[in-house]
Amino acid sequence: MTSPSARQILHDVFGYAAFRGEQQAIVEHVVAGGDALVLMPTGGGKSLCYQIPALLRPGVGIVVSPLIALMQDQVEALLLLGIKAAFLNSSITSEAARVVQNRLLRGELDLLYVAPERLLMPSFLALLEQMHGNTLSPSLNPSPDGRGKLCPSPSGGELARVQREGGNLGIALFAIDEAHCVSQWGHDFRPEYRALTVLHERFPNVPRIALTATADTPTRGEIVERLALEQARQFVSSFDRVNIRYRVTQKNNARQQLQSFLDSEHANDAGIVYCLSRKKVEETAAWLKDKGWDALPYHAGLDASTRSKNQSRFLREEGVVMVATVAFGMGIDKPNVRFVAHLDLPKSMEGYYQETGRAGRDGLPANAWLAYGLGDVVSMRQMIDNGEAPEERKRLERQKLDALLGYCESTTCRHQTVLRYFGEEHPGNCGACDNCLEPVDTWDATQAAQMALSCVYRTGQRFGAGHLSDVLIGKATERVEKFNHHTLSTFGIGKELNTTQWSSVYRQLVASGILEADSEAYGGLKLSAAARPILRGEQSVWLRRDADPAIHKAKRKAERTERTAKAREPFAGANDDPLWLALKAKRLALAREQGVPPYVIFHDSTLLEILNQRPATLDQMAQVSGVGQAKLARYADEFLNVLQEFVT
Ligand code: ADP
Ligand code: ZN
């Protein structure tokens with residue numbers, strides 16, 4: 001009997017034709033017994049990097065994951081692929097845990113997902129040691145040639161297990177997923193992750209593979225240090241999410257803007273809308289629901305059962321919009337999240353990249369949409385200033401916010417700006433961001449900036465942009481008269497711009513740090529040191545010309561019409577194609593029957609390929625990406641029948 005190669009497993013078990021990017025190199029390295037640190041963006045395909053080696057090496061692959069809520073879905077997906085997987089965490093009864101442990105001891109598992117606190121229990125470590133120690137005879141040591149457990153049976157269909165004495169004993173590898181949880185700087189910090197060095201100490205001959213989608217260098221350093229991965233080979237992929245279209249919209253009426261974004265581009269899609277506060281989450285979810293969207297709220301203030309019910313609906317049903325705080329999302333591996341919208345600013349570029357990264361894990365086009373305005377800048381700055389954090393931490397938070405604001409105001413390629421922040425080069429001109437698709441005009445705003453700044457100065461550095469604009473335009477409002485601002489020299493000197501334009505000037509001056517939001521005086525603006533050279537005429541100021549909302553709307557409409565006509569968009573036309581709807585309905589029915597999310601049956605990309613290829617036989621069906629042997633045996637007939645009905 002020949003041993004299967006990694007390629008064969010990729011094809012037969014997972015149904016994929018080729019490895020992506022670094023996957024093959026990583027798989028080979030780990031199969032040969034090497035440690036690895038894998039940095040790959042969300043959707044890059046990290047799971048295969050440990051799943052395939054776990055199938056090729058003798059013993060069970062132990063996967064450490066903090067995402068208890070998702071383990072069940074992950075395991076169910078593996079079971080449908082014909083992989084013997086199980087999980088252990090606090091969500092299951094001790095009776096169920098005993099059953100899993102017995103299967104582990106009998107060598108009946110290929111992959112075991114465990115929560116870190118469970119793995120670290122002395123009794124569990126002792127159990128692993130006992131099981132692993134029993135196998136440490138030379139013949140069962142990791143074999144670089146990929147001596148495997150799975151191989152296609154001669155009949156070519158079912159997977160047959162290599163019968164070895166004692167079953168699948170020993171530990172094939174440790175995979176440490178979401179490895180950035182060791183970092184105390186990120187908001188996903190898990191103290192137990194730091195104790196995972198025990199794996200290295202007690203199982204020195206078992207390869208470890210740590211994986212994360214967090215890209216920044218300090219976090220990487222911390223992972224290496226905290227997990228004792230100095231000897232591990234590092235595999236760093238490009239962090240460019242080419243299928244995500246980034247867009248930043250200037251706020252005027254954020255809810256309306258959100259609604260028209262959803263209406264025009266995501267009528268039936270699942271997506272996430274992030275808000276800063278719990279209250280806003282509730283209100284926005286209720287509002288969207290009222291407008292006919294299947295919207296649900298999610299934040300840490302909801303009770304556990306509501307949260308898990310909402311999350312499960314988001315995962316298991318199609319087209320649910322989750323309105324959430326950042327409490328939602330880590331490890332949400334729903335592949336067909338088609339958009340991530342921000343109604344408030346994230347705290348940093350890291351946060352923005354991570355949150356938007358939850359869109360389009362399946363590689364199909366997805367949107368990252370952010371609405372942003374002066375009010376956001378002011379309130380974020382105040383939140384930092386008035387927070388409890390020590391001064392050093394606040395300085396760091398301010399820097400991170402500034403980087404994000406720089407991104408929002410940038411007039412160059414968004415993909416380039418995002419990647420540059422993470423230290424990666426990108427040639428720009430991505431063709432998939434607002435700035436590349438609709439280049440932004442800039443204008444010499446030196447004189448306007450001088451007017452805006454001197455108006456701040458003359459009014460005593462304690463008023464907000466609305467009032468300052470009134471003074472500049474020469475509107476004698478009640479408030480203007482109350483403070484005698486109609487008698488100032490700056491009153492009415494800025495009639496050439498309207499309120500929206502002045503607000504844009506003020507927003508950009510605050511975003512670039514030339515003006516500061518006074519944390520005591522309720523959003524009042526004051527001059528920073530950077531204002532001086534501008535007022536003195538020593539420095540010029542160039543600002544972006546914000547798109548006129550009315551023109552913008554018309555343009556979008558035209559664009560939409562054009563887009564629907566273009567076949568390039570994978571979903572264009574598909575959305576109302578009766579065959580597409582029938583395929584989706586079949587998938588949903590199967591998913592309900594089996595109590596799993598629809599994407600666990602087939603991904604959208606697989607379903608789309610079925611739609612486009614129209615396979616007529618089992619052999620043709622087996623050619624579709626995402627259809628492995630187990631799924632072929634289980635589902636092919638069902639979908640072939642649906643296709644049959646549409647043959648005319
Ligand atoms: P990550 O954990 O890096 O976010 P996943 O492991 O969940 O990503 O993979 C993302 C998606 O890409 C999954 O749907 C997975 O099945 C798919 N995928 C991974 N590797 C390949 C491949 N070589 N060919 C086709 N699809 C792949
Ligand atoms: Zn671009």
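The values are calculated or read from the model by the stated rules, or taken from the named source; none is laboratory data. A quick note: this is a predicted structure, and the numbers were derived from the prediction, not measured. In this analysis, Cβ positions are derived from the backbone assuming ideal geometry, glycine residues included, and neighbour counts consider all displayed protein chains.
General observations
Rundown of residues vs (1) aromatic (Phe, Trp, Tyr); (2) within 11 Å of ligand 1 (Cβ to nearest atom); (3) farther than 28 Å from residue 337 by Cα; (4) in contact with a His (Cβ under 7 Å, 6 or more places away or on another chain), yes/no style:
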{"position": "11", "(1), (2), (3), (4)": "no, yes, no, no"}
{"position": "32", "(1), (2), (3), (4)": "no, no, yes, no"}
{"position": "47", "(1), (2), (3), (4)": "no, yes, no, no"}
{"position": "64", "(1), (2), (3), (4)": "no, no, no, no"}
{"position": "77", "(1), (2), (3), (4)": "no, yes, no, no"}
{"position": "87", "(1), (2), (3), (4)": "yes, no, no, no"}
{"position": "98", "(1), (2), (3), (4)": "no, no, yes, no"}
{"position": "101", "(1), (2), (3), (4)": "no, no, yes, no"}
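- Restricting attention to the range 312-322 and to residues that are surrounded by fewer than 21 Cβ atoms within 10 Å (Cβ to Cβ) and assigned to a helix (DSSP H, G or I), the residue that is modelled with the highest pLDDT turns out to be 313.
- Residues of the range 324-375 satisfying the condition of being touching a strand residue (DSSP E or B) at 6+ places or on another chain (Cβ under 9 Å) and polar (S, T, N, Q): 325, 336, 356, 367
- Filter result for residue 200 (assigned by TED's automatic domain parsing to the domain that holds residue 55 and over 26 Å from residue 361 (Cβ atoms)): yes
- In the range 600-625, the residues that are in a loop (DSSP other than H, G, I, E, B) and either closer than 17 Å to residue 587 by Cα or hydrophobic (A, V, I, L, M, F, W, C) (or both): 602, 603, 614, 615, 616, 624, 625
- Test result for residue 206, away from ligand 1 (no atom under 16 Å from the Cβ), in the same structural domain as residue 375 (by TED's automatic domain parsing), at pLDDT 95 or above and not charged (D, E, K, R): no
- Qualifying residue in the range 417-435 (condition: among the charged types (D, E, K, R), within 16 Å of ligand 2 (Cβ to nearest atom) and touching a Lys or Arg at 6+ places or on another chain (Cβ under 6 Å)): yes
- Per this entry, residue 214 is not counted among residues that are in a helix (DSSP H, G or I), away from ligand 2 (no atom under 16 Å from the Cβ) and hydroxyl-bearing (Ser, Thr, Tyr).
- Hits in the range 593-648 (condition: loosely packed, with under 14 Cβ neighbours inside 10 Å and hydrophobic (A, V, I, L, M, F, W, C)): 616, 646, 647
- Subset of the range 9-55 (residues that are touching a strand residue (DSSP E or B) at 6+ places or on another chain (Cβ under 7 Å) and either among the polar types (S, T, N, Q) or assigned by TED's automatic domain parsing to the domain that holds residue 600 (or both)): 51
- Scanning the range 101-121 for residues that are farther than 19 Å from residue 190 by Cβ and out of contact with any strand residue (DSSP E or B) (no Cβ under 7 Å at 6 or more places or on another chain) turns up 101, 102, 105, 106, 107, 108.
- Residues that are buried (at least 17 other Cβ atoms within 10 Å of the Cβ), under 19 Å from residue 214 (Cβ atoms), of a type in the set (A, V, I, L, M) and out of contact with any Gly (no Cβ under 9 Å at 6 or more places or on another chain) do not occur anywhere in the range 420-433.
- Looking across the range 436-458 at every residue that is at pLDDT below 95 and of a type in the set (Val, Ile, Thr), the one that is nearest to ligand 2 (Cβ to nearest atom) is identified as 440.
- Residue in the range 497-520 that is part of a loop (DSSP other than H, G, I, E, B) and touching a Phe, Trp or Tyr at 6+ places or on another chain (Cβ under 9 Å) present: no
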